[in-house]
Amino acid sequence: MRSVMRLFPGLTTYAVLYLVFLYLPVLLLPLFSFNDGTIVAFPIEGFTLKWYAQLAEASTMLQSLVNSLIVGSVTAVLATALGLFAARAYVRYRFRGREVSEGLVMLPLVIPGIIVASSMLVLFISVGLRPSLTTIILGHVFIALPFSVSIMKSAFDDFDQSLEEAAFDLGESVFGTFRRVTLPIVSPGIIASLLVTFTVSFDEFVLAFFLSGNQPTLPVYIWSQIRFPAKLPNTLALGSLLLLFSILLLLIAEYFRRRSVKAAA
């Protein structure tokens, strides 16, 4: 790394400027959430917590928060369960069509969200499913599955297969070995997958906008509020809390991902 810095002396400056450009707008979000005025501009008129206090009185916002929690929790469980068995198959076995199926699982990462959302809306309506929390969950599982598979593959990559073979030699069944040996070792990866997929679902907007109907999730609610200048301070306060919540979840997920890597090593 140091040799690279010597060859490109301006690389450090570029990296710093890039990070400032990337994260400065995010840091301004909580700053203006404490502004006493309703106009997002410098200088700040004063310090206040009233915008945070008003959030507790917004019944529509609270209902959309409940919707997001339901969708995120169910999505995390379903995506992690599917990702667990898919990752185990990709790492442990060699079968015809393995590379193709793995590529299809990862496809949602490169398909534009607007294409996925509009296609799913047409599909669900054609089979008789009205836009609701159920359709949002199905859509979110589709886009969260690649994240789960990637995390669980890293948990299974260095898994010592001889541990399972020893359990079989001792008379344990396939299910018992999976429950008593495999799951405890990859459990940090499972927790990391749950947290990451929950965050992906909780923050997702495009699919939720197309598939929510009259049951909006929190991102859809926020989008509906930022069109009105009087609602902007409350939205900034809510966005600051969501930012803190998302960072916390990702830090916990990274902690358990590293524990999974160490346990498998």
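About the Cα centre, and with charges only on the beta carbon of Lys, Arg (+1) and Asp, Glu (-1), how big is the dipole of segment 51-264? Nearest 20 debye, please.
Dipole about the Cα centre, nearest 20: 240 debye.
According to the Cα gyration tensor, what semi-axes, each the square root of 5 times an eigenvalue, does the equivalent ellipsoid of segment 51-264 have, listed from largest to smallest in whole Å?
37, 21, 14
Figure the gain on full extension for Thr48 and Asn214 (residue separation times 0.36 nm, minus the Cα-Cα span) and round it to one decimal in nm.
That works out to 56.4 nm of additional length.
In a shell of Cβ-Cβ distance under 15 Å around Leu82, excluding Leu82 itself, what net charge do Lys and Arg (+1) and Asp and Glu (-1) give?
So the surrounding residues net to +1.
For the peptides 56-69, 186-199, what is the packing order when you average, over each peptide's residues, the other Cβ atoms within 10 Å and list the highest mean first?
186-199, 56-69
Here, each number is a calculation from the coordinates, and none is a lab measurement. The structure displayed is predicted, hence computed values, not measured ones. Backbone-built Cβ (ideal geometry, glycine too); neighbour counts: all protein chains shown.
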